[in-house]
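Working notes, structure below.
The values are calculated or read from the model by the stated rules, or taken from the named source; none is laboratory data. Because the structure is a prediction, the values reported are computed rather than measured. Every residue, glycine among them, receives a Cβ derived from its backbone with ideal geometry; neighbour counts consider all protein chains shown.
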Amino acid sequence: MKKRFFPWRLFWKFFVSLAILLNGLCLLTMGVASYVFNFDFYTYKNLVFGTSFFFISMLGSLIFAYRFALPLRRVILKALRMANKQLFFQISGREIDEESLFEAEPGEYFELEQALDQIRKKMKKRREQLAHEREESQAIMTSIGDGVVNISPDLRLLYFNSGFAAHFLTKDQIRGSGENSLMLTQVLRDPPILDLFDLAVKEGHGGNIQRQMSTLVTGGLRYFSVTINPLRDPKTRVLYGALGIFHDITELKRAEQIRIEFVENASHELRTPLTTVKGYLETFKEDFHAGRTEQSTFFLNTISKNVDRLTELVSDLLTISTLENGVAPELENISLDQVTADVVERLSPMATDKNVMISYKIDGVSSLRADPSKLEQVLENLIANAIKYGKPGGRVEVNWKKVEEKFGQAPQICLTVKDNGQGIASEHLPRLFERFYRVDKARSREVGGTGLGLSIVKHILQNHGGSVSVHSEVGVGTEFSCCFPDRVN
Ligand code: ADP
């Protein structure tokens with residue numbers, strides 16, 4: 001193919017036409033002349049003239065055809081290059097430099113070449129624009145967390161972004177998706193969502209639906225708000241597919257669930273002592289009117305105990321709410337010896353009641369920068385729990401020590417509160433720091449717990465940039481560790 005291109009076809013056609021035309025004209029002229037002037041056509045002179053004319057006309061036709069075809073060659077090459085790069089190289093051969101072809105001054109076909117050059121410039125600009133647009137939309141699609149999928153009318157995947165792939169496509173499916181062979185039904189198994197896609201591509205109806213679906217992301221089941229819109233040709237309004245956007249709302253749902261549970265738990269916790277107070281007040285009133293006073297002290301004591309519990313609950317709820325609002329702690333240098341001794345002293349009646357021995361040790365550190373009231377609360381909650389849930393006659397060990405910098409982690413000051421009580425079964429440990437979570441509800445209420453103590457401890461540590469953890473063994477005991485960053489100021 002490469003060898004044939006000159007453009008030879010055009011050259012030969014022009015050459016043959018010109019040669020036929022010239023020789024035909026010559027023959028016609030000689031014929032007419034011989035007829036009009038009645039001279040002998042077949043003389044030696046005429047034959048020599050005729051033969052010479054034939055060869056000269058052939059040579060002239062060759063030259064004319066060449067001069068006619070040569071400038072066209074460049075026009076054809078330009079058009080070819082614009083139409084198809086591969087074909088251009090195939091036909092022209094690699095030796096033609098594309099840039100010099102377009103940069104050369106326009107020849108005989110000046111207007112045509114100029115028009116082609118203009119078209120090429122416009123096409124180049126448009127191509128660059130398209131490449132930029134494609135790059136930008138690719139970047140947007142990759143950076144948005146939502147899954148985006150574009151499907152054809154027969155429910156095949158035409159396009160999907162990394163968010164969609166991460167949730168719903170296996171590695172093999174991603175690799176095979178180049179052939180557009182992946183059906184939506186192979187990827188999503190949720191009938192209501194498939195129905196919505198079907199409705200969009202067949203009837204042109206969009207829609208939104210919230211569904212829980214199993215995904216390939218760790219954690220499996222996730223909630224999605226799925227919006228599906230039909231795609232129509234802007235001019236003809238003919239449907240040519242649908243676009244689905246999968247917005248992951250798992251965290252939102254979880255937060256909503258936690259809020260619902262919190263309100264339920266808080267109402268329940270408040271209602272129990274309130275019901276008791278109301279009940280005892282009614283009985284007390286009846287007895288009072290009837291002149292019976294022998295049980296009054298018991299009633300009043302119970303009412304007072306429950307009001308104390310209500311006050312404690314409300315105060316814990318307020319503390320949690322303040323901590324969750326992320327109010328920055330007011331840091332001060334606190335003497336660890338002093339604060340620990342104060343808290344231990346305050347809790348000693350409780351410890352004496354249960355015959356629990358509290359000891360404390362402070363190792364290699366003397367002070368900590370923290371919010372004093374918050375630090376006291378951490379100590380009080382943990383030591384009180386160790387006494388409450390420890391065994392009678394048991395012991396509680398409180399320990400402060402400095403943990404030096406290791407594995408790139410800044411130095412910390414860690415508190416451990418350890419008891420030798422009943423311990424906590426491992427299945428409870430992951431949820432222990434949740435609000436109102438109790439291992440044994442009845443036991444917690446009996447010992448005056450609100451179920452908020454450990455949650456408060458966790459929030460205080462978070463507010464200080466620290467962390468809390470628990471280690472427990474059933475029948476052996478429990479150890480809580482709280483690590484505060486060792487701040488200079
Ligand atoms: P509560 O007010 O019920 O004590 P907390 O949030 O302080 O609430 O503790 C949550 C639950 O964790 C408690 O109800 C208890 O079951 C368990 N718990 C806390 N500390 C200990 C401990 N030292 N030993 C055994 N169980 C504990």
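Odds and ends about this structure:
- Residues in region 110-154 that are in contact with a helix residue (DSSP H, G or I) (Cβ under 8 Å, 6 or more places away or on another chain), hydrophobic (A, V, I, L, M, F, W, C) and closer than 23 Å to R232 by Cα: M141, V148, V149, I151.
- Looking only at residues in region 177-190 that are modelled with pLDDT under 85 and part of a helix (DSSP H, G or I), the one that is nearest to H247 (Cα to Cα) is S177.
- Qualifying positions in region 446-463 - modelled with pLDDT under 85 and more than 8 Å from the ligand (Cβ to nearest atom): E446
- Criterion: exposed (fewer than 15 other Cβ atoms within 10 Å of the Cβ) and part of a strand (DSSP E or B) - qualifying residue of Q212, Q257: Q212
- Hey, E111 farther than 30 Å from L188 by Cα, within 50 Å of the chain's Cα centre (by Cα) and not aliphatic (A, V, I, L, M) or not: no
- The set of residues in region 471-489 being near the ligand (Cβ under 8 Å from one of its atoms) and within 25 Å of V365 (Cα to Cα) consists of T478, F480.
- Residues located in region 405-445, provided they are within 20 Å of I258 (Cα to Cα), near the ligand (Cβ under 8 Å from one of its atoms) and not in a loop (DSSP other than H, G, I, E, B): H428, K441
- Of the helices (runs of 4 or more DSSP H) that lie entirely inside region 1-95, those containing 3 or more residues that are under 30 Å from R126 (Cα atoms) and under 54 Å from the mean Cα position of the chain (by Cα) span 44-83, 85-92.
- Residue check, N306 in contact with a Ser or Thr (Cβ under 6 Å, 6 or more places away or on another chain) and either closer than 28 Å to G421 by Cα or surrounded by 12 or more Cβ atoms within 10 Å (Cβ to Cβ) (or both): yes
- Contact map, region 103-114: residues that are within 16 Å of F68 (Cβ to Cβ) and outside any loop (DSSP other than H, G, I, E, B) paired with residues that are among the basic types (K, R) and modelled with pLDDT of 70 or more, Cβ distance under 8 Å, separation 6+ or inter-chain. Pairs shown: E113/R74; E113/K78.
- None of T293, T236, T227 is assigned to a loop (DSSP other than H, G, I, E, B), among the hydroxyl-bearing types (S, T, Y) and closer than 30 Å to V201 by Cα except T236.
- Some residue of region 191-204 being in a strand (DSSP E or B) and of a type in the set (A, V, I, L, M): no
- In the set I193, I174, only one residue is surrounded by 11 or more Cβ atoms within 10 Å (Cβ to Cβ) and at pLDDT 95 or above; that residue is I193.
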